[in-house]
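Colleague: Dumping the structure here so I can ask a few things about it.
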Amino acid sequence: MVTEITIPKLGLTMEEAKLVKWSFDMGRTVAAKQMVALIETDKVSFEIVSPVKGLVYPVVPAGTMVLVAQIIGYIATDEAELAILQKEHPVDAGVIVEQSEDKPGGKLDKTAPAATDTAGSKVGERIIASPLARRMAKDHDLDLAKIPGTGPGGRIVEADIQKILAAPTQAAPAPISKAPAPEESEFALTVAEEIPIQGIRKVIFQNMHLSLNTQAQLTLQTEVSAKGMQDFRNRINNILDPDETKISYNAIMIKAVALALRQHPRVNSSVDGEMIKVWKQIHVGAAMDVGKGLIVPKIRNADTKSIMTIAKEMGQLVDKAKQNTLSLDELQGGTFTITNLGAWGIDHFTPIVNFPESAILGLGRIVEKPWVKNSEVVVEPRIALSLTFDHRIIDGAPGAMFLKTLTRMIEEPLLML
Amino acid sequence: MYDVIIIGGGPGGYAAAIRSAQLDAGVALVETDIIGGTCVNRGCIPIKVWLRAADTLRRIQGAGDFGIRAKVEGIDFQTIVERKNGVSSDIRMGMEALLGNYGVEVLKGRGVFKSPGEIDINGAVYQAKKYIIATGSRMAVPDIPGLKDALLTTDQALDLQNLPASILIYGAGPIEVEMATIFCRFGSKVTLAAQTRRLLPREDQDSSQRLAQALRDEGVTLFLGQKLESVKPVGNEFICSLSGSKNPTITVEKVLCAPRLPNTQNLGLENAGILLDEDGSVRADDFLQTSVEGIYAIGDVVGHTMQSHAASAMAITAAENAMGQSKLFSFNLVPRGAWSFPEVASVGLTEEEAENQDLDVTVGEFPYAINGLAMSVNEMKGSVKVVFDERYGKILGVHIVGPNANELIGEAVVAMQFEYTVAELAAGIRVHPTFSENVVDAARDALGWALYLPKR
Ligand SMILES: Cc1cc2nc3c(=O)[nH]c(=O)nc-3n(C[C@H](O)[C@H](O)[C@H](O)COP(=O)(O)OP(=O)(O)OC[C@H]3O[C@@H](n4cnc5c(N)ncnc54)[C@H](O)[C@@H]3O)c2cc1C
């Protein structure tokens, strides 16, 4: 029996993915549970494993954008089945093998056929489409030969047509009153590089805009002594066994934030329609950039975990982030975010809330500074805190009170006990 | 460690177990009671035996129309109950044998989640890579003063050796309607009251109306849009007070009601972090996955259409997804059925629902009254109604009242599944004379060219 390889839905909002590569050429044998293809969404990359042992028959070339549930290829049990597949889904084997990750584009080409690059290759061949899809395509003058089918056996169904109708086509006619092209002059700007806004960049692009567009964000800034936290960290790390994960400032911060959130639950909330939803769970995310753009893995129920546990989990999340193996679950569903720009020598800044959360804490560097204490100038390690919150639902005073609770715990970590 | 553990051995759990095993999973099926669940032991199957008995009586009573003079000497309810038990146990034994045949391990006991990855069965802890929750539903007795003493559950009703002389059936769902059909035919004085304004409120208004008329013709008294306020004993009977301007009271021997609630309690859902929807059912997405990855839910416990075929269809999707596929479940293709005289069945949107979705709605309709077979066999109540979108001819819903409605609705399910437009349905050919011709004729009416209806 031929097994279909389809694009799994990896999260509630996932609709499409990029087929990055095939692990096997056509006709090669894949073992059961072995990776057969790699896909990448705007959040994660995911290895599709073959449910069965058999001969691989890729249909969609690597580098193509594919839809959830779309069939991208098949696994044949034997050569005979492979031959049938070749008849039923003819593809130019050469094309597939040559296609590679670095092929430019990777945008869903609404007009390109799913199986091959040569448009119109379905001429004379039977196009499998539902009667409703045919009728809709006719009504909208769409060429069925150019539409990828996601129904059983690659059949074109209503949803495939709807998808195309819903999305603005790239080939859409340009606006009539097109601005006149600027005259060529020595002052005209020339493009050095065009970077498509897509993938993680697109998500960041949209989220940042959504956040600022939706919330009334207010940032409060303060500075506290980092001495207590430094001592605390050193004391613990000195007594740890060499194979135990050392605790980081971030881990202490996450714990302190989580405990402060418990005392100020309103900061741990989201707006949902006409409702402020104060969350029971405290899931603190730590924004990080591992070279692929900004991601925010979460420490779940951070208020209930020890600093050691948090440090260990953070270590694992960072490793996973570097290897690009974070699951969507590890990236979604936070209630508060911490972002640390200390490594870049930044003190104060205005972080943007990680929507739909309602607050974010920015950490600056720890730096020694002169500080007046009991009328005397002393040298003390200091750290800047910047708290941005949604002023629609959190008033200034409660926001400041949250920050106050937090600063006390940072200055005296024993308060976390 | 199993690949899949399924909790509940009703039609949902059974189908999920077999489908998982077909995909080479190591499967355990947990069941506290007996295999077959509500459907086989206390639901669909038992009530069909009773309905067949009632229908046989109905045909004998109508035999005079065909020149056959027959007299019913008596009804031996014990034989009905024994036959019912026999059929249930035959089906159950068949299911048990097939589970064994597929190597499914049946674990006796109540399954309770200890964590997202472990379940406890009688104190022993089991683990699986994936779980499928198929715990079904239970009867939820409404909180009405005095109701308890007068209550007859469907479980009890299906085992009755003597039928009450009078009964109030409270509720307007398929189970209540079928119960009213049975009791009425066997001579009980039946009153059906419900809070909803119409019978089968989930169905198209036309279906509700046709069914209401049919039940009245059978002799059922209907009180719709009225709430049962209280039940008070008087001697061997009960006085039931309904709300409403006239405050009617009804005196009966028994009150039957059958509302059902998803079985989500004592299941450790909270230990696994599985979330419920507002209506108390387990929340499942279109892949039938719950809020916890790797844990799926199917059948009555997820609500929607609480019928057996929904459970077993969901089972296939959930089992395939548990085994690494990613299949979407088409909730809109789940048909609904009730076995009254005449039957009521449907799939998709009602006319009203379609209109509320701002679609360009048109309907086609064909009555049984002018169908050749219906006239020949003297079963002329009912009609087939096709609701479709004018723009592309997309079939949005089909609503059938009439003999064999539950068989005929399969045609509509196929048509909608494969996205036939109303034109393909109208172009069909059926054996003559059959009730199935009605489906084609309704589609032709939708397009304005039904051959057996007056010119439009
Ligand atoms: C009188 C009546 C008539 C009906 N007629 C029809 C009909 O004609 N057509 C139709 O389609 N539907 C009918 N239904 C509905 C149908 O019976 C249900 O929709 C169907 O049984 C649901 O299947 P399920 O597998 O989800 O749950 P169920 O059949 O309820 O099975 C669930 C099983 O799980 C077990 N269980 C529960 N909790 C646990 C636990 N924690 N551990 C282990 N086991 C557990 C239960 O013992 C039960 O055996 C009828 C129902 C009733 C009551």
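The values are calculated or read from the model by the stated rules, or taken from the named source; none is laboratory data. It should be emphasised that the depicted structure is a prediction, and the values quoted were computed from it without experimental measurement. So basically every Cβ, Gly included, is an ideal-geometry build from the backbone, and we count neighbours across all protein chains shown. Only protein heavy atoms, including side chains, enter the accessible area calculation; ligands, DNA and RNA are left aside. Shrake-Rupley method; radii C 1.70, N 1.55, O 1.52, S 1.80 Å.
Colleague: Return the distance in nm (one decimal) between the two label points of a simple spin-label model at A:ASN301 and A:ASP395, each offset 7 Å from Cα along Cα→Cβ.
Modeller: Result for the modelled spin labels: 3.4 nm.
Colleague: May I ask you to evaluate 6.51 cos²θ - 1.76 cosθ + 1.60, the Karplus curve with θ = phi - 60°, for each residue of the range B:350-358 and list the ³J(HN,Hα) values in order in whole Hz, giving x for glycine and proline?
Modeller: Rounded to whole hertz, the list is 7, 4, 5, 4, 5, 5, 5, 8, 6.
Colleague: Rounded to the nearest 0.05, what FRET efficiency is calculated for B:ASP90 and B:THR251 with R0 set to 41 Å and r the Cβ-Cβ distance?
Modeller: The value I calculate is 0.50.
Colleague: Another one. For the range B:147-258, count the residues as N, evaluate 2.2 N^0.38 Å, and divide the Cα radius of gyration by that value, please.
Modeller: Here the answer is 0.99, to two decimals.
Colleague: Students often check this: by mean Cβ neighbours within 10 Å, which of A:367-378, B:266-277, A:330-341, B:126-137 ranks highest, and how do the rest follow?
Modeller: Top of the packing list down: B:126-137, A:330-341, B:266-277, A:367-378.
Colleague: I've got another one for you. How many Cβ atoms of partner chains, on average, are near each residue of A:3-9 if near means within 10 Å of its Cβ?
Modeller: That average works out to 3.
Colleague: Another question, if that's okay. Taking the alpha-carbon distance from B:LYS254 and a cut-off under 19 Å, which lysines remain once sequence neighbours fewer than 8 residues away in the same chain are dropped?
Modeller: B:LYS148, B:LYS189, B:LYS227, B:LYS232
Colleague: Rounded to the nearest 0.05, what FRET efficiency is calculated for B:ASN332 and A:GLU15 with R0 set to 22 Å and r the Cβ-Cβ distance?
Modeller: 0.70
Colleague: Residues of the range A:365-382 with the amide nitrogen closer than 11 Å to a label point 7 Å from the Cα of A:GLN230, along Cα-to-Cβ, please.
Modeller: It comes to A:366-370, A:379-382, nothing else.
Colleague: What average count of beta carbons from other chains do you get within 10 Å of the Cβ of residues in B:418-425?
Modeller: 5
Colleague: Follow-up. Take every DSSP beta bridge with both residues inside the protein assembly as shown and express the antiparallel ones as a percent of the total, to the nearest 5.
Modeller: 70 percent
Colleague: Still on this structure, I have one more. Considering only DSSP beta bridges where both residues belong to the range A:239-372, give the percentage that are antiparallel (nearest 5).
Modeller: DSSP beta bridges in the range A:239-372 are roughly 55 percent antiparallel.
Colleague: How much accessible area per residue does the range B:247-354 have, counting only protein heavy atoms and a probe of 1.4 Å, in square angstrom?
Modeller: For the range B:247-354, the per-residue accessible area is 37 Å².
Colleague: Right, another one. Only residues of the range A:206-243 count here: report those whose backbone N is under 15 Å from the spot 7 Å along Cα→Cβ of A:THR350, or say none.
Modeller: Within reach of a label on A:THR350, which here means backbone N under 15 Å from a point 7 Å along Cα→Cβ, the range A:206-243 contributes A:209, A:211-222.
Colleague: Simple spin-label model, 7 Å along Cα-to-Cβ: A:GLN316 to B:ASN378 in nm?
Modeller: Placing both labels 7 Å along Cα→Cβ, they lie 7.5 nm apart.
Colleague: Now a separate question. Of all beta bridges DSSP finds with both residues in the range B:147-258, what is the antiparallel percent, to the nearest 5?
Modeller: So the antiparallel bridges in the range B:147-258 amount to around 40 percent.
Colleague: Still on this structure, please answer the following. Quick one: length gained pulling A:ARG28 to A:ALA188 fully straight, 0.36 nm per residue minus the C-alpha distance?
Modeller: 52.3 nm
Colleague: Mind checking which of A:LEU210, A:LEU361, B:GLY324 is farthest towards the positive end of the protein assembly as shown's charge dipole, using Cβ charges of +1 (Lys, Arg) and -1 (Asp, Glu) about the Cα centre?
Modeller: Checked the options; the winner is A:LEU361.
Colleague: Round to the nearest 0.05 the FRET efficiency obtained for B:THR221 and A:GLN162 when R0 = 41 Å and r is the Cβ-Cβ distance.
Modeller: With a Förster radius of 41 Å, E is 0.30.
Colleague: Continuing with this model, one more query. For Cα pairs less than 8 Å apart in space and 6+ apart in sequence, what is the mean separation divided by the residue count of chain B, i.e. the relative contact order in percent?
Modeller: Across chain B, relative contact order equals 14 percent.
Colleague: Additional query: Please report Rg over Rh for the range B:335-447, where both radii come from the alpha carbon positions and Rh follows the Kirkwood definition.
Modeller: Rg/Rh for the range B:335-447 comes to 0.95.
Colleague: Let me ask something additional. What residues of the range A:210-252 lie in the reach of a label at A:TRP371, counting those whose backbone N is under 12 Å from a point 7 Å from the Cα along Cα→Cβ?
Modeller: Residues A:223-231 fall inside that zone.
Colleague: Another question about this same structure. Within 10 Å of each Cβ of A:129-138, how many other protein chain Cβ atoms are there on average?
Modeller: The mean count of partner-chain Cβ atoms within 10 Å per residue comes to 5.
Colleague: Can you show me the helix-derived [θ] at 222 nm for the protein assembly as shown, built from DSSP H runs with n ≥ 4 at -39,500 (n - 2.57) apiece and divided by the number of residues, rounded to the nearest 500.
Modeller: Calculated at 222 nm, the ellipticity per residue is -9500 deg cm²/dmol.
Colleague: Let me ask something else about it. Amide H neighbours of A:THR6 under 5 Å, counting only residues 5+ apart in sequence or on other chains, H built in-plane at 1.01 Å?
Modeller: Hits under the 5 Å cutoff: A:ILE72.
Colleague: Also, I was wondering about something else. Can you compute 3J(HN,Hα) from phi for each residue in the range B:137-143, using the Karplus curve 6.51 cos²θ - 1.76 cosθ + 1.60 with θ = phi - 60°, rounded to whole Hz and x for Gly and Pro?
Modeller: 9, 9, 6, 10, 5, x, 8
Colleague: With each pseudo-label sitting 7 Å past Cα toward Cβ, what's the B:VAL234-A:ALA216 distance in nm, one decimal?
Modeller: The answer from the label model is 6.5 nm.
Colleague: Between A and B, buried accessible area summed over both sides at probe 1.4 Å, in Å² to the nearest 100?
Modeller: Interface between A and B: roughly 1400 Å².
Colleague: Of A:LYS43/A:LYS146; A:LYS43/A:LYS277; B:LYS48/B:LYS381, which pairs sit farther than 23 Å apart, going by alpha carbon to alpha carbon?
Modeller: A:LYS43/A:LYS146; A:LYS43/A:LYS277
Colleague: For the protein assembly as shown, max minus min Cα coordinate along each principal axis, in Å, sorted largest first?
Modeller: 114, 75, 58
Colleague: Moving to a separate point now. When the Karplus curve 6.51 cos²θ - 1.76 cosθ + 1.60 is applied with θ = phi - 60°, which whole-Hz ³J(HN,Hα) does each residue of the range A:338-344 get, with x for Gly and Pro?
Modeller: In residue order, the calculated couplings are 10, 10, 10, 10, x, 4, 9 Hz.
Colleague: About the Cα centre of the protein assembly as shown, how large is the charge dipole given +1 on each Lys and Arg Cβ and -1 on each Asp and Glu Cβ? Please answer in debye to the nearest 20.
Modeller: The calculated dipole for the protein assembly as shown is roughly 1460 debye.
Colleague: Which order do the peptides B:142-153, A:128-139, B:436-447, A:220-231 come out in when sorted by mean C-beta neighbours inside 10 angstrom, highest first?
Modeller: By packing density, highest mean first, the sequence is B:436-447, A:128-139, A:220-231, B:142-153.
Colleague: Sequence-distant or interchain residues sharing an amide H contact under 5 Å with B:ARG110, placed H: which?
Modeller: Residues meeting the amide H criterion: B:ASN122.
Colleague: Next question. Using a 1.4 Å probe on the protein chains only, how many percent of the accessible area of chain A belongs to carbon and sulfur?
Modeller: 55 percent
Colleague: Can you give the alpha-carbon Rg of chain A over 2.2 N^0.38 Å, where N counts its residues?
Modeller: Expressed relative to 2.2 N^0.38 Å, the Cα Rg reads 1.24.
Colleague: So how much slack lies between A:GLU412 and A:LYS53, counting 0.36 nm per residue of separation and subtracting their Cα-Cα distance, in nm?
Modeller: 123.3 nm
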